[in-house]
Amino acid sequence: QVQLVESGGGLVQAGGSLRLSCVASGNIFSIVVMGWYRQPPGKGRDMVAEITSGGRTTYADSVKGRFTISRNNAKNTVYLQMDSLKPDDTAVYYCMAMSTYAYWGQGTQVAVSS
C-alpha cells in the first residue's frame, strides 16, 4: 500500500506560479513512477507530468516549458512547479504513484483567474 498526500493548490492570477507537493508513505520502495494528473470541471483526468525512479520525465504538450516535475527521494516527495499559469490550467490536480497498482492522492484544487 502507498499513501499520497498533496498540498499547494490555490487560486492564482493568470501568469502566476504555484508549486504542488506530494508526500508518499507506506511501501515507497515499490514505486517506479510518480506523476501529476489533472481533471478540469466536467472533463476526464489527464496526465500532466511523470517522473521515473531514475529521473526520466514526461510532460503533456500543453504544459511543456511551463511546468517542471521533480522529486526528492530523501523526503519521499514529488513536486510540480507550475509557472505562466493559464485559466485552462484550472483543475483538480492528483498525485499518482505507480507500483504494482496505481495509487492516487485526494486531489488539490488549482484555480487560475483571467
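Rounded to whole numbers, the Karplus 3J(HN,Hα) couplings from phi for segment 104-114 are 10, x, 7, x, 9, 7, 10, 10, 10, 8, 8 Hz, using 6.51 cos²θ - 1.76 cosθ + 1.60 with θ = phi - 60°, and x at Gly and Pro. Rolling a 1.4 Å probe over the protein heavy atoms of the chain, with every protein chain left in place, gives an accessible area that is 50 percent carbon and sulfur.
Averaging the Cα positions of each part gives two centres, and for segment 58-88 and segment 29-52 these lie 11 Å apart. For segment 27-114, pairs of C-alpha atoms spaced more than 20 angstrom apart make up 31 percent of the total.
Defining a contact as two alpha carbons under 8 Å apart and six or more residues distant in sequence, what relative contact order in percent does the chain show?
On the way: 282 pairs, mean separation 41.8, N = 114.
Computed over the chain, the figure is 37 percent.
Here the simple spin-label model places points 7 Å from the Cα toward Cβ, and for Phe29 and Asp61 these points are separated by 4.1 nm. Note on Arg45 and Gln81: their simple-model spin labels are 2.7 nm apart, each label 7 Å out from Cα toward Cβ.
For segment 1-70, what is the per residue volume of the convex hull drawn over the alpha-carbon atoms, in cubic angstrom? All intermediate terms of the calculation are to be shown ahead of the outcome.
Numbers: hull volume 7.9 nm³, N = 70.
Normalising the Cα hull of segment 1-70 by residue number yields 113 Å³.
Entry comment: accessible area of segment 1-98 is 51 Å² per residue, from protein heavy atoms only and a probe of 1.4 Å.
The values are calculated or read from the model by the stated rules, or taken from the named source; none is laboratory data. The shown structure was predicted, so the numbers you read here are calculated from the model rather than taken from an experiment. Because the Cβ atoms are built from the backbone with ideal geometry, glycine has one as well, and the counts that use them run over all protein chains shown. SASA here: full protein model, heavy atoms, side chains in, ligands and nucleic acids out. Shrake-Rupley method; radii C 1.70, N 1.55, O 1.52, S 1.80 Å.
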